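Read the structure below first, then the notes.
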Amino acid sequence: MAGSEFVCDPLTPQDELLAQLLLSAPEPFPAVDARKAAELFNATGRRSRSMADCQITAVAIRCGVKLATGNTADFVPFQSHGLALA
């Protein structure tokens, strides 16, 4: 999810290379993450168009990793639910 959001913007060839260097292999999205994403969606006010953020957050929490994002404000609501921002 995070990788697809990163590369959905128009990229220069240099940006494309950077994306390949920065992004690791995609993490699977198992049912446990889907349930956690739904829980986060409901707990954070069912914000319109936030499901992708909920899914990204669910995987980051399960993997125990900090989330690096240029859209910090979108992810602040998840910090009280266990998300660590880089």
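The values are calculated or read from the model by the stated rules, or taken from the named source; none is laboratory data. All values reported here derive from a predicted model rather than from experimental measurement. With ideal geometry, Cβ positions are generated from the backbone for all residues, glycine too; neighbour counts draw on all protein chains shown.
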Checklist entry - If Gly82 passes every condition in (1) surrounded by fewer than 15 Cβ atoms within 10 Å (Cβ to Cβ); (2) within 11 Å of the chain's Cα centre (by Cα) but one, which one does it miss? => result (2)
Next on the checklist: Restricting to the stretch 1-19, count the residues that are loosely packed, with under 13 Cβ neighbours inside 10 Å, within 20 Å of Asp53 (Cα to Cα) and charged (D, E, K, R).
Outcome noted: 1
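Here is a yes/no grid of residues against (1) over 13 Å from Ala2 (Cβ atoms); (2) at pLDDT 95 or above:
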residue	(1), (2)
Pro13	yes, no
Leu18	yes, no
Ser48	yes, no
Ala58	no, yes
Ala68	no, no
Item to check | Residues (aliphatic (A, V, I, L, M) and either at positive phi or surrounded by 14 or more Cβ atoms within 10 Å (Cβ to Cβ) (or both)) located in the stretch 20-41 | outcome: Ala37, Ala38, Leu40
Checklist entry - Restricting attention to the stretch 52-75, which residues are part of a helix (DSSP H, G or I) and farther than 22 Å from Asp9 by Cβ? => result Ala58, Ile61, Arg62, Cys63
Next on the checklist: Give all pairs with beta carbons closer than 6 Å in which a residue from the stretch 60-84 that is basic (Lys, Arg) meets a residue that is assigned to a loop (DSSP other than H, G, I, E, B); count only pairs at least 6 apart in sequence or on separate chains.
Outcome noted: Lys66/Ala86
Checklist entry - Tell me, which residue of the stretch 42-64 that is over 11 Å from the mean Cα position of the chain (by Cα) and under 19 Å from Glu27 (Cβ atoms) is surrounded by the fewest Cβ atoms within 10 Å (Cβ to Cβ)? => result Gly64
Next on the checklist: List pairs: first residue in the stretch 1-20 and in a loop (DSSP other than H, G, I, E, B), second residue surrounded by 10 or more Cβ atoms within 10 Å (Cβ to Cβ) and among the polar types (S, T, N, Q) anywhere in the structure, Cβ distance under 9 angstrom, at least six positions apart or on different chains.
Outcome noted: Met1/Gln55
